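Enquirer: Below you will find the structure I want to go over with you.
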Amino acid sequence: MPGDTDNRTDDPTRATPGRVASGATVDEPTQVTSRAGILSVDELTQVTTTRALAAEVVAAVDAAAAAAAGRPTSGQPADAALPGDETTKMMVVPKVVEARAVSVREWDRHLRDCLRQEFGSKVTVSGEPLVQGARLAVVRGEDPAFERRARVAKLRVLTVTATNGVVEVGPLAVPGEPGCAACARGRRLGAAAATVDERDPDATTVVRERDIPAEAIAVVDQMLRAAVEGDKALVGYVVEVGSGETLWHKVIPLPDCDLCGGADGIATVGIPEDEDDPEALLQALAGWVDPLTGVIPWVSVSEPLTGGPYVGTAAPPHLVVGGEVRSMPIGWGKGMTRHAAIVSAVGEAIERYSASLPDPDRVVWARAADLDGEVLDPREFPLYEPEQYAARGFPYVAYDRRIDHPWVRGSWLGTDKAVWVPAVFSYLAMGLLPEHLIAQGTSNGLAAGTDADSAAVCATLELVERDAMMCAWLSGAKGRFVELDDTLDIEVADVVEALREAGPAVEVYVLPTSAYGTTAIALAIGDGRRWPAISLGLGSDRSPRAAIRAAVLELAQTAPHLAALLRDGHRAPRHAGEVREMLDHAAFYFPPARMEAFDRLRCGGTSRLADLPEPAFDTSVADLAGHLGTAGIRVAVVDVTSADVATSPFRVVRAVSPDLQPISYGHGVHRAPVARLRHRGVPIRRLVHPIW
C-alpha cells in the first residue's frame, strides 16, 4: 500500500502454513523452544535452557540448607568460580536460608526491606532517590525513568519482578554495553504476540495467585548478592525462579534501543555441524528461539511424508516499533534431519526479519545523478508496461529520476566494487511515499547463511531458478524429462518414493533457460481431489544432481501442504482475475482442467540421469560471478544483516539483478519481460505462473 512496502502481504512465506497443516498421513508437529529437546515427532520434550549457572545456584542453596541443618555438604565450594563466564566472580551462599514463603502482594515490600537490611547504601532501589556511591540499582517491576537515571549515573541495573509464584531476575544492564530491561520488554512483547493462545475462549478461568516459595527466595537472594559483588552472569538473561527448575532465557538486544543503544557486536557462536547434538543447537540459537524472550518463540517440526524430509515452521518474529507490535513473516524450512529442518526454518524467519529492518544510517535518499559512484538504475530493471501504469487502480508508479529515492550500497557479485542499489529492491519493509513505490516487494533473492559468501550463493541461485522457470513459462520453452535411474542419491530416491506412495505421480525436468548450471523442476501430479492436479519444486545448482535434489525436497515440502489445503476445502481461484496473493498462484492449478498449461514444459524429450555430466567442483561465488558475467548478467549483492542478527550465527544477503526475470504475485501486476527474453522475439504467454 502507499506509504510502506512490506512483503508480509506480497510474500507471506508460503502463505500461512502455521504449524504445518497436515492431512491424514501427516504427523502432528512437534514444538521446539529453548526449553525443548530436539525432539521426538510424537511429543513435546521440555528441558531447561542450557546454562550451567542455574544448577550451580540450586546446588549452593541445597548446600547452605544442609549446612544449616547440620548435614554434610557436597558439590562445589561456595566461592568456586562458575563455568562459562570469565567475568563471573562468585555466587555467595547466604548465611541463613529462611524457609518462609512470601505472597506476591508482600513481595515488593519484602524485596525492598531485604535490600536495605542486607546491602544498605550498596544498593539503590526504584521508587526512591538514587543513592550516591551505590554499586547496583534494582528495579522492582518496570520503571523506565529510574532505569534511565541509573544508566546516566553509570550504575549497573538489575530488574526483579514477581508474578504468580515466580520471580524473574534480570537482565543485568551494564553501562556502555548493549542489552537492558527495555530490550527484554521488547523481546517479551514480541514473543507473546507470536505465541498462539490455544485456550478455550469460552472457558471460565479462576486465577489464584501463588506464593513465592522459600527456595525461590533463597535463589533470588543469592543472585542479588552476586550482582552486588560484581558478578555479570545475569547480563543478557531473564531468569525464572519458582518452585520448579530455574530457567534461563537469553535476551538478544534490540537492533535499536533508546535506553542502551541496541545491539553491537559480532557472532561468537556458529551453527554446530553435529546433527546429533540438540543441546549444541539450542545453545547456538539461544535468545533467537525462546518461549519467553525469543525473537522466534516457537519452532515446530513435522514429517509430512514417511521417509522425509522433515518440515520446520518458525513462529513469525514480532518487533515493537513506535509503540506498536509489528508482525513479520514466518519461516518455513526443510531438511533430511530435524536439525537441518530447524536451522532452515529459523534461518528463513531470521532472513525476513533482518531484511525488514533497514539501517537508517546506511540508506541514502538522493537522486541517482547525485550519488557518488556506480548506480544500478531502476530503469534498467523490467518493471511494468505503459498500459499497466495507465490501468485504473494500478498500485505502482513509474520511476521518477527527478526526485530523491532511497539507496543502499552493495557490491557486484564476486567483487569488492561498490554499487548503489535501490533500497526498495533490497529490503522487505520500508517507510515510503507513494512516489517511491516503483515495484511490488517480494523475497526473491533473499537468503541467510552461516557467512556472507554462503548467503550470497543461496540468494543468487534463487534468482537463477526463478528466472529459469519464468523465462520457460513466458516463452513456452520445452523442459527435458529426466529419467531417474539408480544413480540417484538414495535419500532423494526415498523422498520420490514417499511422494508416490502418498498419491501423486512425480516427474522431474531440466529447463533449457537456466542462466547458470542446471535448473530442475519437480512436479507432483495429482487427481485434483486429494492432491492438487499439479504442484512444483525448483532447484538450481552447478550440479544437475544437486539441482534435482533441491527441487525434489522443495516439492516434498510444498505438495503435502497444498494437498492438505485442498482437502480442507481451500478454493481455487475461478479465473485469472481472482489471483491476488502468493498462495493463489499454487491454488490456481488445483483443478485438473488447468494442467494443459504445463504441456509445453513437459514435451522436450528425455535424458537419463546417468547421462547428465557432473561438474568437477561445487557452486561458489566466484564461479557464479564468472558464468553470469560472461553471459552479460549483472548481479549486485547487499548485506542486509541487521545489528541484532549480526550477533547471531547467520548473515543475510539480498541479490538483485536487472538481467534476470523477476516474479510477481497477483493478476495484472506481472513484471515486463527481461531484456534477454524480449530480444529472442518469442511471443510472451500471459498464463498464471505457478510459483509461490
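The values are calculated or read from the model by the stated rules, or taken from the named source; none is laboratory data. Since the structure is predicted, the reported quantities are computational estimates derived from the model, not experimental observations. Here the Cβ positions follow ideal geometry from the backbone for every residue, glycine too, while neighbour counts run over all protein chains shown. Ligands, DNA and RNA are excluded from the accessible area calculation, which covers all protein heavy atoms including side chains. Shrake-Rupley method; radii C 1.70, N 1.55, O 1.52, S 1.80 Å.
Enquirer: Could you look at the range 399-447 and say what percent of its accessible area is carbon and sulfur, using a 1.4 Å probe and all protein chains?
Expert: 48 percent
Enquirer: Note down the net charge around Arg594, summing +1 for each Lys or Arg and -1 for each Asp or Glu among other residues with Cβ under 15 Å from its Cβ.
Expert: Around Arg594, the charge tally is +2.
Enquirer: Let me ask something else. If we sort 491-503, 312-324, 268-280 on the protection proxy, mean other Cβ atoms within 10 Å, highest first, what's the order?
Expert: Top of the packing list down: 312-324, 491-503, 268-280.
Enquirer: What's the carbon and sulfur percent of the range 478-609's accessible surface, probe 1.4 angstrom, rounded to a whole number?
Expert: Ligands and nucleic acids excluded, carbon and sulfur reach 46 percent.
Enquirer: While we're looking at this one, here's another question. Calculate how many DSSP beta bridges within the range 269-356 are antiparallel, expressed in % of all such bridges and rounded to the nearest 5.
Expert: In the range 269-356, DSSP labels about 95 percent of beta bridges as antiparallel.
Enquirer: So what are the ³J(HN,Hα) numbers for the range 636-652, from phi and the Karplus equation (6.51, -1.76, 1.60; θ = phi - 60°), rounded to whole Hz, Gly and Pro as x?
Expert: Karplus-based 3J(HN,Hα) across the range 636-652 equals 9, 10, 10, 6, 10, 5, 6, 4, 6, 5, 4, 8, 9, x, 10, 10, 10 Hz.
Enquirer: Convert each backbone phi in the range 174-190 into a coupling constant with the Karplus relation 6.51 cos²θ - 1.76 cosθ + 1.60 (shift: θ = phi - 60°), then list the ³J(HN,Hα) values in order as whole Hz, x for Gly and Pro.
Expert: For the range 174-190, the Karplus curve yields 10, x, x, 10, x, x, 7, 5, 5, 4, 4, 4, x, 5, 5, 4, x Hz.
Enquirer: Rounded to the nearest whole Å², what accessible area per residue is found for the range 269-356 with the 1.4 Å probe?
Expert: The answer is 28 Å² per residue.
Enquirer: For a label point 7 angstrom out from the Cα of Ala631 toward its Cβ, which stretches of the range 646-665 have the backbone nitrogen within less than 12 Å?
Expert: Residues 659-661 qualify, since their backbone N sits under 12 Å from the label point.
Enquirer: When only the heavy atoms of the protein chains count and the probe is 1.4 Å, how do Lys417, Lys154 rank by accessible area, highest first?
Expert: Listed by decreasing accessible area, they come as Lys154, Lys417.
Enquirer: For Ala418, list long-range residues whose amide hydrogen, built 1.01 Å from N in the peptide plane, is under 5 Å from its own amide hydrogen.
Expert: Under 5 Å from the amide H of Ala418 lies no amide H from a residue far enough along the sequence or on another chain.
Enquirer: Which of the peptides 568-576, 461-469, 143-151 is most tightly packed, and how do the rest follow, judged by the mean count of other Cβ atoms within 10 Å per residue?
Expert: 461-469, 143-151, 568-576
Enquirer: So who's got an amide H within less than 5 Å of the one on Tyr237, skipping anything under 5 residues away but keeping other chains? H placed 1.01 Å off N, in plane.
Expert: Under 5 Å from the amide H of Tyr237 lie the amide H atoms of Leu172, Val251, each far enough along the sequence or on another chain.
Enquirer: Right, here's the next one. Keeping all protein chains in the complex and leaving out DNA, RNA and ligands, what accessible area do you get for Thr306 with a 1.4 Å probe, in Å² to the nearest 10?
Expert: That residue has around 120 Å² of solvent-accessible surface.
Enquirer: Another question, then. Anything over 19 Å Cα to Cα? Flag those among Lys122/Lys250; Lys154/Lys232; Lys154/Lys250, in the order listed.
Expert: Lys122/Lys250; Lys154/Lys250
Enquirer: Follow-up. Assuming R0 = 22 Å, can you tell me the calculated FRET efficiency for the pair Arg529 and Ala493, based on Cβ-Cβ distance, to the nearest 0.05?
Expert: 0.20
Enquirer: Could you list which residues have their amide H under 5 Å from that of Met430, counting only those 5 or more apart in sequence or on another chain, with H placed in the peptide plane?
Expert: Residues meeting the criterion, in which the H sits 1.01 Å from N, are Thr5.
Enquirer: Per residue, how much accessible area does the range 478-609 show when a 1.4 Å probe rolls over the protein heavy atoms, in square angstrom?
Expert: On a per-residue basis, the range 478-609 sits at 38 Å².
Enquirer: Sum up the charges of everything whose Cβ sits under 9 Å from the Cβ of Pro512, counting Lys and Arg as +1 and Asp and Glu as -1, but leave Pro512 out.
Expert: Computed value for this residue: +2.
Enquirer: Could you put Arg210, Arg549 in order of accessible surface area, largest first, with the 1.4 Å probe and the full protein assembly present?
Expert: So, going from the largest accessible area down, we get Arg210, Arg549.
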